[in-house]
Amino acid sequence: MNGSGMVVAELAWPTSWIIMIGAFTSCFGAALQCLCSAPRLLQSIAKDDVLPFLRSFQVLTQWNEPFRCLILTVLIAEMIILVAALDRIAPIVDFFFLMCYTFINLACFLHSILGAPNWRPHFKCYHW
């Protein structure tokens with residue numbers, strides 16, 4: 001061990017670069033996925049008029065792309081990148097992921113408890 005802090009990379013066979021390349025491609029793929037899906041989600045929220053101040057983001061281009069939402073998403077991502085301190089950003093990102101999963105589970109729980117007629121889960125390991 002050379003003290004780099006990457007224990008798994010040091011244990012990787014045949015070389016430690018396997019882990020580095022895998023981590024990079026995984027992060028790059030996740031970033032591209034977020035950059036593609038976030039503008040569409042923002043456009044859907046604006047289209048449903050959930051937040052009235054987002055009305056200007058309902059517009060699509062002639063190619064059916066949410067260009068205004070893409071620009072806003074890129075600006076938000078760029079501001080976060082310019083902070084350049086992952087230790088400050090990671091707890092915030094973790095919080096949003098945990099809140100997302102919390103509300104998904106809460107919605108699942110409430111639909112099951114209230115017996116909503118439109119709630120028909122098909123997952124075979126469903127347990128509520």
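Computed from the coordinates by the stated procedures, all read-outs in this text should not be read as laboratory data. Model, not experiment: these values are computed from the prediction. For neighbour counting, all protein chains shown are included, and Cβ atoms are generated from backbone atoms with ideal geometry for every residue, glycine included.
Share of Cα-Cα pairs in the chain beyond 22 Å, in percent?
62 percent
For A46, what is the net charge nearby, where nearby means another residue's Cβ is under 15 Å from its Cβ and Lys, Arg count +1, Asp, Glu -1?
Here the count lands on +1.
Mean residue ellipticity at 222 nm from the helices of the chain, using -39,500 (n - 2.57) per DSSP H segment of n ≥ 4 over the full residue count, to the nearest 500 deg cm²/dmol?
After summing the helix terms and dividing by the residues of the chain, the value is -22000 deg cm²/dmol.
Do me a favour and compute the ellipsoid semi-axes for the range 87-128 from its Cα gyration tensor, root of five times each eigenvalue, largest one first, whole Å.
They are 29, 11, 7 Å, listed from largest to smallest.
Order by neighbour count: W17, W63, W119, fewest other Cβ atoms within 10 Å first, most last.
Going from sparsest to densest Cβ surroundings: W63, W17, W119.
Assigning unit charges at the beta carbon (Lys, Arg +1; Asp, Glu -1) and nothing else, what dipole magnitude in debye, to the nearest 20, does the chain show about its Cα centre?
Roughly 400 debye for the chain.
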